[in-house]
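Okay, so here's the structure we're looking at.
All of the numbers you see were taken from the coordinates with simple rules; none came from a lab. If you're wondering where the values come from, they're calculated on a predicted model, not measured in any experiment. Cβ placement follows ideal geometry from the backbone for every residue including glycine, while neighbour counts extend to all protein chains displayed.
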């Protein structure tokens, strides 16, 4: 019989392969808590327990003398069981690390599943490493679709991490690779190129490519066209053309309903609230309406990054409304979390905390923090964000000064 923790890994793999819950395997003679500890490797099973589990799983005792299932079995398990709430990717991760990589297609599929899960968990550094290997595997396989998709996803991951130069390189590669592929592949690659150009301040190129993207997807399924309009809105916002940005984003929101694509609908609502707050002056009433409308859905079914974006936007709204105590409390809440926000959103919420320091009278500390953030934006080749930060210093100092003037 395998020793722990390998016995537990084998037990869990067998259970998941058969589509059984812990309660189904435990039956009437074992608690699910004890079974969970066995699977975790924290309890050593007696011969009687092993015999009972073999009976419940309808396998011979020798099944517990076998090493973990092959990578192929783990991929199939992950694909068929991913919607059950079970942590089926934990054994898949172990199988990937143990696999020698003889079947490149199978390894690609396993890494893709793991990378998708890491994205939903906001574990962007780990996702980056998986995607980097996926790019190499895609090139080795010589399949253009896989190459385009992995370059697109790696670009997006790098952009979230703040590496705009690397992101643009992979986005450009994805666009080139997708020229003869499906409309979806071409649109997703071009959308990512627009995003990386906008983030890096290459706004003329971004505007041209955003127009190309909208033309490409105008007759496409609604989610693709909505994403194209969203990309166009982002570019117009960076060009300080907020009227055009709002028009494009509102068209995008009219294109997709919560019934069509709930996750995309939530992301668009949050993007609209952000854009309203960046208007001059901030359109706080519209921003509040969007946040109040989307908050229940984000809290209930939103991904971790979306939940943090909601908190960050609520903090920015409170600051714009001069509800300084509320803004401070929300910033403090975010400060206790392991942030999964994009580089831009992380810098913005950190800048808000610095502005609150200035309003608290800690002017030197606040300015020093904002200077550090502006330098980080410069190093990320994000000049527009750096300019935004310095403009925020001037506005916050003026606000602090006006609050202490005699009436």
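Take every pair of alpha-carbon atoms less than 8 Å apart whose residues are at least six positions apart; their mean separation over the length of the chain yields a relative contact order of 9 percent.
What is the ratio of the Cα radius of gyration of region 209-341 to 2.2 N^0.38 Å, where N is its residue count, to two decimals?
Numbers: Rg = 15.1 Å, N = 133, 2.2 N^0.38 = 14.1 Å.
Normalised by 2.2 N^0.38 Å, the Cα Rg of region 209-341 equals 1.07.
Nearest 10 degrees is fine. How inclined is helix 6-17 to the longest principal axis of the chain, computing both from alpha carbons? Relative to the chain, helix 6-17 is tipped by roughly 80 degrees. Taken along the Cα-to-beta-carbon direction at a fixed 7 Å, the label points for residue 204 and residue 300 span 4.9 nm.
For a protection proxy built on the mean count of beta-carbon atoms within 10 angstrom, sort 125-135, 156-166 highest first, please. Write down the numbers at each step before the final one.
Details: 125-135: 18.9, 156-166: 20.7.
Peptide ranking by packing, descending: 156-166, 125-135.
Radius of gyration over Kirkwood radius for region 6-67, both on Cα atoms: the Rg/Rh ratio is 0.90.
Starting from the coordinates of the alpha-carbon atoms of region 264-407, obtain the Kirkwood hydrodynamic radius over all distinct pairs and give the value in Å to one decimal.
Evaluated over region 264-407, this radius sits at 15.6 Å.
A crude spin-label estimate for the pair residue 220 and residue 103, with each label 7 Å from Cα along the Cβ direction, gives 3.2 nm. By the count of other C-beta atoms within 10 Å, a proxy for reagent exposure, 391, 117 are ordered fewest to most as 391, 117. Counted over the chain with a bin width of 20 Å, the fraction of Cα pairs per bin, in whole percents, is 23, 47, 26, 4, 0.
FRET efficiency for residue 332 and residue 62, Cβ-Cβ distance as r, R0 = 60 Å, nearest 0.05? Working shown, then result.
Details: r = 56 Å, r/R0 = 0.94.
Working from the Cβ atoms, E equals 0.60.
Sequence-distant contacts, meaning Cα pairs under 8 Å at least 6 residues apart, place the relative contact order of region 156-293 at 15 percent.
Please rank 390, 230, fewest neighbouring Cβ atoms within 10 Å first, as an exposure proxy.
Values: 390 14, 230 26.
Ascending number of Cβ neighbours within 10 Å: 390, 230.
Against the chain, whose longest principal axis comes from its Cα atoms, helix 203-217 is set at around 60 degrees. Helix 144-161 axis versus longest C-alpha principal axis of the chain: approximately 60°, rounded to the nearest ten. Per-residue ellipticity at 222 nm computed for the chain from its helices equals -24500 deg cm²/dmol, with DSSP H segments shorter than 4 residues left out and the rest contributing -39,500 (n - 2.57). Scoring 262-271, 25-34 by mean Cβ neighbours within 10 Å over their residues and listing the highest first yields 262-271, 25-34. If a/c stays under 1.5 just call it rounded; otherwise compare a/b with b/c (prolate if a/b is bigger, oblate if not). Do that for region 115-179, with a ≥ b ≥ c from the square roots of the Cα gyration tensor eigenvalues. Oblate is the answer for region 115-179, as a/c is 1.5 or above yet b/c matches or exceeds a/b. Protection proxy ranking for 39-50, 243-254, 188-199, using the average of other Cβ atoms within 10 Å per residue and placing the highest first: 188-199, 243-254, 39-50.
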